[in-house]
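The values are calculated or read from the model by the stated rules, or taken from the named source; none is laboratory data. The shown structure was predicted, so the numbers you read here are calculated from the model rather than taken from an experiment. Methodologically, a virtual Cβ is constructed for each residue, glycine included, from the backbone with ideal geometry; neighbour enumeration extends over all protein chains shown. In case anyone asks, the SASA skips ligands and DNA or RNA and just uses the protein heavy atoms, side chains included. Shrake-Rupley method; radii C 1.70, N 1.55, O 1.52, S 1.80 Å.
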Amino acid sequence: MVSDGSERVKLNVGGEIFETNATTIQSTCPDSLLAALSTPTSHGSIPVFIDRDPEIFAVILNLLRTGRLPANSSGVFSKQELLDEALYYGVESLLRSAMLPPPLLGFDASLVTTIAPAADGVPSALTATAGDVSLWIAHGGQISVYDWSLCHAGTVRTHLSDITSICRVWGEAAAVGSGSASGLHFYDLSGGRYVGSTHWTDPEDPRIHKARVAAVADSDGGVFASFECLHRENGVLQIDKSTLQVAAVIGQQSGSSAKTTVPEKLRWLPTNGVLVGSAVQRGAFGCSGYIRIWDPRSRNIVWETNEPGSGRSSRFGDALADMDVDVEDSIIFKVCSKSGDLGMVDIRRLGEDPWVYMSDENPGAWKAGDGGGYSAVHCYRKQVLAARGGALEVWSSVNEKTSGDPIRRRNFVDKEEDSKRGMISKIEAGGDRLFVSREFMEGVEVWETSSFSGVTSVE
């Protein structure tokens, strides 16, 4: 590549000459190989020859000029081909910005692809991270890792025959639980290395043995995991990350009733320093369960609600079907099993009956008597995503036109044909993507917000 006084540069890629301005390259990727080659050299008028594919370079050059991938690149080059070339030229960060979807808006999301692991493709657990936008899928006794571009980065085979819960605890380390084996197990996914295990035992209580993990949550101070023994004794354990030893036992209880069953969902709230857990039992006569808040420092319950049996009389019999926590705003959300209404409570303003219920007058969003029941709820970026049978709904915060006050409005995320693919079992979100798995279905669906910029994503 050569530069003349007008800062125009030429590059010979695979025998094809490309010409652009030096500022086009140096302003977008000043530390790249291309920027180094765009500076004046002693090559005179002879362009530097680079033995690479000129067709892919044309896409890279368009990316440098516009910050976008050209629409006609869809179906021509794979993501991996573009990633390899971007890495060679030193512009992978620019390509990443162009390939990542726009901010996730549930009401405007659509299905873009399905990720299916090569073996044992029915996912049993999954987790998504916001930082590096990676996805971990547990299937059978394996964990498959997908990077920000949704490319397969590797699969780790564990010593377990099945994995029912997974949580990222530090770096590339995962804490996993199994429905068929006792203990919480730690794996370094970057090297495929088994790190260690934590078991709940008590020499003074013979009932505490062979405890299996039902839920896992991470915190700066340790890992929280709910364990259940064969005799229905259960509790939440706080585990030291450095030693993998049990630091404390929180909320130990015994029994199989709805009020004493093992927590199946745990959420840590760093701002408040509390742990939120819930359990729901579903039967022929509806749902029953509890939401509970623990203070790990005192190991005491600071607030709880049991349903049915508490709350407003008008809500009796309309127990929670599932719950999740908006960690940023310290708000617990629950979906009512019969009405489909959304209940919310501010953790900073708890009381005997603190619930505020929101219903939506949009008749197309939910109809009483529809089959399926709510199966999963997930909070992400001030949005509450609820799965009802095979349909996916979102409650979004919007400003009321007259008063300007924030209200929540319910909309369908999917289309009617999408909802017929099967019961939704799990919802996760990371970065600007939504991940959905369905019962007995292979693969994980990837949902992204529609883009109106005219750019076609590269599959």
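Here are a few things to note about the model shown:
- Cβ-placed point charges (K, R +1; D, E -1), dipole of region 190-329 about Cα centre in debye, nearest 20: 340
- Other residues within the sphere of radius under 9 Å centred on the Cβ of SER182, judged by their own Cβ, net out at +2 (K and R +1, D and E -1).
- Sum of side-chain charges, ARG381 neighbourhood, beta-carbon under 11 Å (Lys, Arg +1; Asp, Glu -1): -3
- Cα gyration tensor shape for region 195-292, rounded if a/c is under 1.5, else prolate or oblate: oblate
- Each of ALA71, ILE56, ALA109 was placed along the dipole of region 50-177 (beta-carbon charges, centred on the mean Cα), and the one lying farthest toward the positive end is ALA109.
- What the Kirkwood sum gives for region 87-156 is a hydrodynamic radius of 13.8 Å, with every pair of different alpha carbons counted.
- Under a 5 Å amide H cut-off, with hydrogens placed 1.01 Å from N, ASP341 pairs with CYS336 among residues at least 5 apart or on other chains.
- Dipole size of region 93-178 about its Cα centre, with +1 on Lys/Arg Cβ and -1 on Asp/Glu Cβ: approximately 80 debye, rounded to the nearest 20.
- Residue among ASN12, GLY289, LEU150 farthest towards the positive dipole end of the chain, charges placed on Cβ: GLY289
- Given charges at beta-carbon only (K, R positive; D, E negative), |dipole| of the chain in Debye: 1000
- Region 11-20 - phi-based ³J(HN,Hα) in whole Hz, Karplus 6.51/-1.76/1.60, Gly and Pro as x: 9, 9, 10, x, x, 10, 8, 10, 9, 7
- Carbon/sulfur fraction of accessible area - the chain, other protein chains in place, 1.4 Å, %: 49
- For the chain, accessible area per residue (1.4 Å probe, heavy atoms of protein chains only), Å²: 45
- Rounded, prolate or oblate (a/c below 1.5 giving rounded, otherwise prolate when a/b exceeds b/c) for region 74-127 by Cα gyration tensor: oblate
- Nonlocal amide H pairs with TYR380, under 5 Å, H built at 1.01 Å: LEU385
- Amide H contacts of ALA248 (H built 1.01 Å from N, in plane; Pro and chain starts excluded): GLN238 sit under 5 Å, all sequence-distant by 5 or more or on other chains.
- When the pairs LYS210/LYS259; LYS79/LYS334; LYS241/LYS415 are compared against a 32 Å limit on Cα-Cα distance, LYS79/LYS334; LYS241/LYS415 fall above it.
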